[in-house]
Structures are given as structure tokens and as C-alpha cells.
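The values are calculated or read from the model by the stated rules, or taken from the named source; none is laboratory data. Keep in mind it's a predicted model, so treat the numbers as computed, not measured. SASA here: full protein model, heavy atoms, side chains in, ligands and nucleic acids out. Shrake-Rupley method; radii C 1.70, N 1.55, O 1.52, S 1.80 Å.
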Amino acid sequence: MKADDGMIESMHARLQRWAAWAARHGLTRGLWYARCRLDGGVSPVAIEAAVELELSDTDRAITRLPDDLGTAIKIFYLGRGTVEQRARDCGCHRITLYARVARAQRRLMLIVVEVAAERKTWSAQSIFAHKST
């Protein structure tokens, strides 16, 4: 990837961590790939609790993307082969795939903030968060 491909580097790095996390979790949580091959640079690693929350939030955020953008993210980060092969899997040209991924990254920057805020609200409202008197 080049700097001029429209990608947001911080979100790209987060999505790479998400891909490793998804592989470690067998791609549960509604993702449609049967299993990610680990020979493409994605390897399961021990992840600390804070990172686990970040990646779980990322996973939830991806499910909130419109179908075309969610599919582009999944194929781009979890797919196999070259970018051209992944673009074919997505049913588009390589340039279109990059554009969809960049657009998805911009949307994810907002959605992950919303998801994290919702998670914090749920935690605060949990019956376990309140002491009984």
C-alpha cells in the first residue's frame, strides 16, 4: 500500500490487528469467512485485555458498515491472494477495492467510538457494577 491510496494508517493498523484477532477467534461474531489462512502474515498472538476490547469493538463496528463496505473490509483483510484476486472476490477492480476500504476506514473511525461508548454504558448499567446494600 502506498500513502496515496487513501487509507488511514491508524485504522489500517487496527484492522490488521483485528484480522489476527479474528483468526485467533475462528472468525466468530457473524463474520462469513470459514477460516483465515494463517500463512498470509496473520498470526494469532497473546493479546492483552485492553486490546481485546478494542478488537471486539472493531468487530462490532464492522458489522454496522453497509454491506458493500463490510464485504470490502473482510475480503481485503481476511482474504487470500493478491490485491487483484481479492478485488475479483469482491466483484470489482483493484482501485475500487482500495476506494471502498478507504471509505470504510473513514466510517469505522466514527463507528468504533460509538461502539466503545455503548460498551461503557452497558458496563455502567450492569447489575454487577452496582453494590447491593
- Note on the structure: Length gained, Glu9-Lys120, 0.36 nm per residue minus C-alpha separation, equals 37.4 nm
- Length gained if Ala49 through Gln85 is fully extended, taking 0.36 nm per residue and subtracting the Cα-Cα distance, is 9.5 nm
- Quick tally, 1.4 Å probe accessible area for Lys120, Lys74, sorted with the most first, runs Lys120, Lys74
